[in-house]
2 protein chains.
Amino acid sequence: MYVIIVYDVNVERVNQVKKFLRRYLTWIQNSVFEGELSEADLEEVKLGLSDIIDGSEDMVVIYRLPSNRSLKKDVLGIDKSCSSEII
Amino acid sequence: MYVIIVYDVNVERVNQVKKFLRRYLTWIQNSVFEGELSEADLEEVKLGLSDIIDGSEDMVVIYRLPSNRSLKKDVLGIDKSCSSEII
């Protein structure tokens, strides 16, 4: 399946979330990742994120699609995912 | 069509982008909106955003789908889009 993950987490945990998601997905911009995931990987991602975030103040949204065939993407402004980035 | 818009813009412009997108879409979390848009509205949104953002440092990604029928959504943590929110 294809997933887009967006997160709004406390600054104390933001780098941990980013570092974790990099193992599975492509970084798009601040707090956004996307990519292909298997069902098993999705479960791993959900469990991993649940361990990192504080459910009382952080939020993660996982959008899932069967594939990215019908997904179109427009970028306005600078495409940050193309530039090198250090975490 | 159904759209998900994510943005990573300078703090100086973030409220302007948020206020503008609220006219068309539903706020989901920090820097994320989604909802149904006509082709005409999408063009208006693109033009409006292009006027607000600084293309040399801001980035907006518009994900487009024919509909939200195949789109599934999981929320981990607190669902901020359900709480009242003042801008």
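FYI, it's all coordinate maths here, none of it is from the lab. The structure displayed is predicted, hence computed values, not measured ones. As a convention, Cβ positions derive from the backbone with ideal geometry for all residues, glycine included, and neighbour counts pool all protein chains shown.
Quick notes
- Global geometry of the range A:38-87, whether rounded, prolate or oblate, following the gyration tensor of its Cα atoms and the 1.5 cut on a/c: oblate
- Exceeding the 23 Å Cα-Cα cut-off - candidates A:Lys46/A:Lys72; A:Lys46/A:Lys80; A:Lys19/B:Lys19; B:Lys19/B:Lys72; A:Lys19/B:Lys46; A:Lys18/A:Lys80: A:Lys46/A:Lys72; A:Lys46/A:Lys80; A:Lys19/B:Lys19; B:Lys19/B:Lys72; A:Lys19/B:Lys46
- Across the identical copies, the label point of A:Asp79 (7 Å from Cα in the Cβ direction) is separated from its matches by 3.5 nm, in order from shortest.
- Segment B:Ser70..B:Val11, full-extension length gain: 17.9 nm, with 0.36 nm per residue of separation and the alpha-carbon distance subtracted.
- Report summary: the helix-based calculation at 222 nm, which adds -39500 (n - 2.57) for every DSSP H run with n ≥ 4 and divides by the residues of the protein assembly as shown, gives -9500 deg cm²/dmol.
- Over the range A:1-48, the pair-distance histogram of Cα-Cα distances with 5 Å bins from zero comes to 5, 22, 36, 25, 11, 2, 0 percent, rounded to whole numbers.
- Restricted to Cα atoms, chain A shows a radius of gyration and a Dmax of 13.1, 36 angstrom.
- In chain A, excluding the sites themselves, the longest stretch lacking any of the GluC sites (Glu not before Pro) that are in a DSSP loop with at most 16 other Cβ atoms within 10 Å is A:1-56.
- Pseudo-label separations to other copies for B:Glu43 - Cα-to-Cβ vector, 7 Å, nm: 4.8
- Sparsely packed loop sites in the range A:1-76 (the trypsin sites (Lys or Arg not before Pro) outside DSSP H, G, I, E and B with at most 16 other Cβ atoms within 10 Å) comprise A:Arg23, A:Arg69.
- A rounded overall shape is assigned to the protein assembly as shown, the ratio a/c of its alpha-carbon gyration tensor axes (a ≥ b ≥ c) being less than 1.5.
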